[in-house]
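These notes are about the structure you will find just below.
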Amino acid sequence: MPTMKNESLDLLLSSRPDQDHRPGDGKLSDAFSKLSPQEAAEIELDVIGILNGTDKGSIRSENRCSWDYLRHYAREFLPIRDAAINIIEIGVAGGASLKTWPRYFPNATAIGIDIEPSCARFSGGPIKVRIGSQDDEKFLTQIVKEFPPTIIVDDGSHQSQHMITSFEILFPSLLSGGIYIIEDLAFHFSDPGPHVSATSLDNLGSPVLSYLMRIIATKAAYVMNPIGAEDRLKPIYSDIDSLNIVGGAIIIRKRAERKWESYIPVFEKQLRERAFEGVSQYGHYALRFAEFLITYNVAVERAVTLLEEILLSNPKDRRAAGFLRAALKALGRGADADQVAAKVEAAEQELVLPLVARPTWMPYPH
């Protein structure tokens, strides 16, 4: 019997992908090489998940269903795949998905959270396991202090209040541009006949879907501080940059710090390329560039130079004068700003900084 097993193993190993004689190997390699980086990442993460046995992949195996999440996640994860990040997953169970992350992210640490002490057996190498509840604020706060997260995946109890509590505690801890995923929302729907309706799944407070719909509505209206929202929620609303709803899950991205300095060489290149369009049009472009610099308080000295050039060719340009006054005041040159205001009447009107305006009227709840 042992001999038969060894022979079977030898036969299996002889057909590994690294064997040059494998039939069709060249064609398969060619097909994969022609994929875009995004398509390749989607396939790779899905394959890793399938081999590990997670229900997040595209086949069911012994699971109740195949959620097919991983191809969606790969699109979100691709830009940070090689980064040294922490991934926190709530809910370890058999460890299938927890073991998937280090296979896909070569430099990541995967931290699993579960209330079942036996899950500690999965801890080792890039995988860490912490035993505790997802609605224990002190416990979760300790976790994110030890492992500042870039990605958080809630695949825990699926109870509404647990999901809401975890989100409110953990989302603010995400690093800039981080990703928060709430899975298996399909459990929060009932199906009375041909219709689908939301349900809380439990008796622990309001349905998570109602909670998420308020977030979606706030984002769709582009409101940072909805009127009537609890103070503890306003920073969360303000920090959400985007939401992506996929089958059974929602992917929420935290606002990243914008690298405004990186815009400057692109603006300069565009100005050079558009210089031939004429003095008037060039002045319009230069004014927009200066407005950008003043708005985000970056290279304001360059804005002053641009605005002074505009006023040399058109001394009565009130808009340029107004921006110049704001730029000079931002640089602490109040006397120079007053001189500009004296020369051009319209420059007397103060510009309110920052110059980015967003709607604030939407009431809460909505």
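Using a 1.4 Å probe over the heavy atoms of the protein chains, calculate the carbon and sulfur portion of the accessible area of the range 237-300 as a whole percent.
Values: 1890 of 3620 Å².
C and S fraction of accessible area: 52 percent.
Could you calculate the FRET efficiency of residue 75 with residue 222 from 1/(1 + (r/R0)^6), where r is the beta carbon distance between them and R0 is 22 Å, rounded to 0.05?
Values: r = 23 Å, r/R0 = 1.05.
Rounded to the nearest 0.05, the efficiency is 0.40.
What whole-number value in Å² describes the accessible area per residue of the range 55-165 for a 1.4 Å probe?
Values: 4960 Å² over 111 residues.
That works out to 45 Å² per residue.
Based on the Cβ-Cβ distance of residue 284 and residue 82, what FRET efficiency does E = 1/(1 + (r/R0)^6) give at R0 = 45 Å, to the nearest 0.05?
Numbers: r = 41 Å, r/R0 = 0.92.
Computed FRET efficiency for residue 284 and residue 82 comes out at 0.60.
Spin-label point model (7 Å from Cα, Cβ direction): what's the residue 187 to residue 234 distance in nm?
3.4
Using amide H atoms built 1.01 Å from N in the peptide plane, name the residues 5+ places from residue 89, or on other chains, whose amide H lies under 5 Å from its own.
Here 111, 112, 113, 153 satisfy the definition.
Apply 1/(1 + (r/R0)^6) to the Cβ-Cβ distance of residue 333 and residue 270, taking R0 = 30 Å, and write down the FRET efficiency to the nearest 0.05. Write out the running numbers ahead of the final one.
On the way: r = 28 Å, r/R0 = 0.92.
Rounded to the nearest 0.05, the efficiency is 0.60.
Determine the share of the range 51-146's accessible area contributed by carbon and sulfur atoms, expressed in whole percent, with a 1.4 angstrom probe.
The nonpolar share, carbon plus sulfur, comes to 47 percent.
The values are calculated or read from the model by the stated rules, or taken from the named source; none is laboratory data. Predicted, not measured: the structure shown is a model, and the values here were computed from it. Virtual Cβ from ideal backbone geometry, glycine too; neighbours counted across all protein chains shown. With ligands, DNA and RNA removed, areas are computed over all heavy atoms of the protein, side chains included. Shrake-Rupley method; radii C 1.70, N 1.55, O 1.52, S 1.80 Å.
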